[in-house]
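Remarks on the structure that follows.
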Amino acid sequence: MTKKELKPKNPNNNYLKSYSKAIKRGQKIQQVFPHRDGWAVKKISADKASNVFVNKESAIAKASEIARNQRTEVLIYNRDGKISKRILCGAK
Amino acid sequence: MPAVIISIDDFKERIEGYSPEHAGEFHVRSAKMADQEFDKIVKDSTFGRVIFLAGGSASGKTEYLHTYLLGENAIIFDSTFSTTEGAGIKIEKARKYCKETELHFIIPDDIKRAFTAFLGRERKFDDKVFYTTHSHSRSTLLWIINNYPEVDIKLIESYYKINELRYKEIQLQNRKSMLEYIKSIQYDIDEIVKKVV
């Protein structure tokens with residue numbers, strides 16, 4: 001198998017720009033998910049959790065506070081890894 | 001002659017009351033409108049070629065279309081091909097009207113990056129849409145390669161480098177090695193979920 005780089009015929013178009021914007025917005029999103037010590041808060045683009053709380057409510061409160069400041073959103077995950085709730089915090 | 005593009009997402013914007021925050025609620029109607037448009041154009045137009053775009057949500061299909069395919073002399077259908085039934089109907093329609101058929105299948109090199117774009121874009125869908133389209137479009141691709149030898153399949157890898165979405169064509173020696181490769185990238189929904197968490 002080989003991979004051949006494709007040279008863009010229409011570079012810098014608005015669709016490519018929108019995709020980059022979506023990635024930038026997505027990277028700021030805060031996640032709340034089950035952790036061995038309780039519930040963790042983590043930015044999507046981060047490798048590690050920024051905070052871990054014993055209870056879920058405290059984790060959501062912290063994630064919401066960060067999301068409000070960064071004008072993003074909070075995703076709350078189930079134990080099966082699927083998103084159970086999405087909280088918008090002035091996201092744009 | 002420039003390409004004729006049929007896009008389910010474009011049809012959403014034509015529906016009264018549409019808002020990107022509730023895009024998921026408009027999907028069934030817009031998909032039906034796109035299907036009807038495809039039926040009409042494939043029957044009436046003089047284009048001899050149909051290009052189907054397929055792959056999971058936010059893998060970069062529409063971006064690929066607008067970067068590489070606008071000048072193609074073809075009907076382009078921008079879809080996910082999440083069901084074999086839907087894909088089969090369209091391929092059969094193209095065959096009925098003697099069109100050459102290509103499938104450009106977009107595979108993200110990093111599915112987590114595609115999920116980040118999916119979550120960050122203005123059109124909002126339930127996360128299940130992401131898992132389902134990435135799993136089922138791959139099984140549809142496998143089904144097409146087994147059932148439609150006349151469809152010319154191009155495998156395109158999308159990747160993100162220096163803040164820009166880019167593409168590579170995955171080249172395999174023959175249809176058999178393509179089949180083996182496609183088999184190796186089949187994932188069920190739970191496996192997709194594990195990859196993005």
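Rule-based calculations on the coordinates, nothing more; no lab input. The shown structure was predicted, so the numbers you read here are calculated from the model rather than taken from an experiment. Positions of Cβ are backbone-derived with ideal geometry, glycine not excepted, and every protein chain shown enters the neighbour counts.
Considering only region B:4-196, what is the antiparallel percent among its DSSP beta bridges, to the nearest 5?
On the way: 7 of 28 bridges.
Given both bridge residues lie in region B:4-196, the antiparallel proportion sits at roughly 25 percent.
Is the shape of region B:124-197 best called rounded, prolate or oblate, per the rule: a/c under 1.5 gives rounded, else a/b larger than b/c gives prolate, else oblate, with a ≥ b ≥ c the square roots of the Cα gyration tensor eigenvalues?
Working: a/c = 2.10, a/b = 1.29, b/c = 1.63.
Oblate is the answer for region B:124-197, as a/c is 1.5 or above yet b/c matches or exceeds a/b.
A straight line joining the Cα centroids of region B:54-103 and region B:105-178 runs 12 Å. Going by neighbour counts of Cβ atoms within 10 Å, the residues A:S18, B:S19, B:S184 line up, fewest first, as B:S184, B:S19, A:S18. What net charge is computed for the residues neighbouring B:I6, neighbours being all others with C-beta under 11 Å from the C-beta of B:I6, Lys and Arg scored +1, Asp and Glu -1? Counting the neighbours of B:I6, the net charge comes to -4. By the rule of a C-alpha distance below 17 Å, with chain neighbours fewer than 8 residues away ignored, the lysines paired with A:K48 are A:K28, A:K62, B:K112, B:K194, B:K195.
Please report the net charge: other residues with Cβ closer than 14 Å to the Cβ of B:T101, K and R +1, D and E -1. Display every interim value, and only then the final one.
On the way: positive: B:R49, B:K90, B:K93, B:R95, B:K96, B:K99, B:K154; negative: B:E72, B:E92, B:E100, B:E102, B:E150, B:D152.
Net charge around B:T101: +1.
In terms of the ratio Rg/(2.2 N^0.38 Å) built on C-alpha atoms, what value belongs to region A:1-51? Please report the intermediate quantities before stating the final value.
Working: Rg = 17.4 Å, N = 51, 2.2 N^0.38 = 9.8 Å.
For region A:1-51, the normalised Cα radius of gyration is 1.78.
As a rough footprinting exposure proxy, the listed residues B:R113, A:R86, A:R79, B:R175 were ranked by other beta carbons within 10 Å of their own, and the order from fewest upward is A:R79, B:R175, A:R86, B:R113. With K and R counted +1 and D and E -1, the other residues having a Cβ less than 15 Å from that of B:Q186 yield a net charge of 0.
Which order results if A:R71, B:R121 are arranged by neighbouring Cβ count within 10 Å, fewest first? Provide the component values of the computation, followed by the final result.
Working: A:R71 13, B:R121 20.
Ranked by crowding around the Cβ, least crowded first: A:R71, B:R121.
Can you tell me the mean projection area, over all orientations, of the convex hull of region B:4-196's alpha carbons? Units nm², please. Its average projected convex-hull area is 10.8 nm².
Please report the antiparallel percentage of DSSP beta bridges with both residues in the protein assembly as shown, rounded to the nearest 5.
Details: 25 of 49 bridges.
Of those bridges, close to 50 percent are antiparallel.
Working note: Debye formula, equal point scatterers on the alpha-carbon atoms of region A:18-88, no solvent; log10 I(q)/I(0) at q = 0.17, 0.18, 0.20 Å⁻¹ is -0.55, -0.62, -0.75. For the set A:K4/B:K96; B:K96/B:K154; A:K4/B:K43; A:K4/B:K161, the pairs lying more than 24 angstrom apart at their alpha carbons are A:K4/B:K96; A:K4/B:K43. Calculated mean residue ellipticity at 222 nm for chain B: -13500 deg cm²/dmol, from DSSP H runs with n ≥ 4 weighted as -39500 (n - 2.57), summed, divided by the residue count and rounded to 500. When the Gaussian network model of chain B links Cα atoms closer than 10 Å, the mean-square fluctuations of B:I51, B:I144, B:I162 top out at B:I162. Projecting label points 7 angstrom from Cα along Cα→Cβ for B:E150 and A:H35 puts them 5.8 nm apart.
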